[in-house]
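S.K.: Here it is, the structure, as structure tokens.
The values are calculated or read from the model by the stated rules, or taken from the named source; none is laboratory data. Predicted model, so just to flag it, every value in this text is computed and none were measured. All Cβ positions, glycine included, derive from the backbone under ideal geometry; neighbour counts span all protein chains shown. Remember, those area values only see protein heavy atoms, side chains included, never the ligands or the DNA or RNA. Shrake-Rupley method; radii C 1.70, N 1.55, O 1.52, S 1.80 Å.
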Amino acid sequence: MENHQRLPIKSIKSLGTSWHNRGFGYWARRAVFVIYALIGCAFSFSIVGVFLYLVITHLRDNTGLSVTLLVICVPTILASLYYGLKPLRRTPEQRAEGRPMTYGSALSRNQRIGVGAGAGAAGYAASSGSGIASGAAFFGAFAFLGHCVGNLIVSCQKYLTQAEFEAVRDAERRR
């Protein structure tokens, strides 16, 4: 018998080495991504849905305002879906290869932390009664609807990230 050295398993951000055996730890981490995406979708869809419901039910009472709001909201929702899903397009070669759809982030870690802290502060201010923060959170539900849908799509793919795809492909080559 030959003595084969076992090559180290590459650690992937957010998945560690769990991608290699795809056990409970891997699926628990993947479930967290899906739950996060579902919460984002639920938040955005509930705000947008309630708003559209209120606008449509008051259409008879104030037709001009309701039509104006619909003329503004519907294109905003469609643009959000377009710009939220556009980055997920793959070339036919990438699709044939099995590469996952992903969002490429051009933000540094510090910038992402800053954005998260700003969103958290705005959410806190909105819950405290700030009209401006509430308006920003309301607008954010419309603007990020497409991104929330995209995150849900990305979290439900075979591979979560390009790094996972590459690691699996490299591991298969080494066998």
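S.K.: Using beta carbons and a limit of 7 Å, which pairs, at least six apart or on different chains, have the first residue in the range 52-75 and part of a helix (DSSP H, G or I) and the second one among the hydroxyl-bearing types (S, T, Y)?
M.R.: Sorted first by the residue in the range 52-75, then by its partner, the pairs are V55/S66.
S.K.: I would also like to ask the following. Checking L88 against (1) surrounded by 11 or more Cβ atoms within 10 Å (Cβ to Cβ); (2) modelled with pLDDT under 85; (3) closer than 19 Å to T161 by Cβ: exactly one of these is not met. Which one?
M.R.: (2)
S.K.: Residues to consider are S46, S66, S105; find the one that is open to solvent by less than 90 Å² (accessible area, probe 1.4 Å), small (G, A, S) and modelled with pLDDT of 85 or more.
M.R.: S46
S.K.: Check L81 against each of (1) modelled with pLDDT of 85 or more; (2) open to solvent by 90 Å² or more (accessible area, probe 1.4 Å) and name the one condition it does not meet.
M.R.: (2) is the only condition that L81 fails.
S.K.: Are any of the residues in the range 16-27 farther than 26 Å from R169 by Cβ, part of a helix (DSSP H, G or I), open to solvent by 70 Å² or more (accessible area, probe 1.4 Å) and free of Cβ contacts under 8 Å to residues at least 60 places away in the same chain?
M.R.: no
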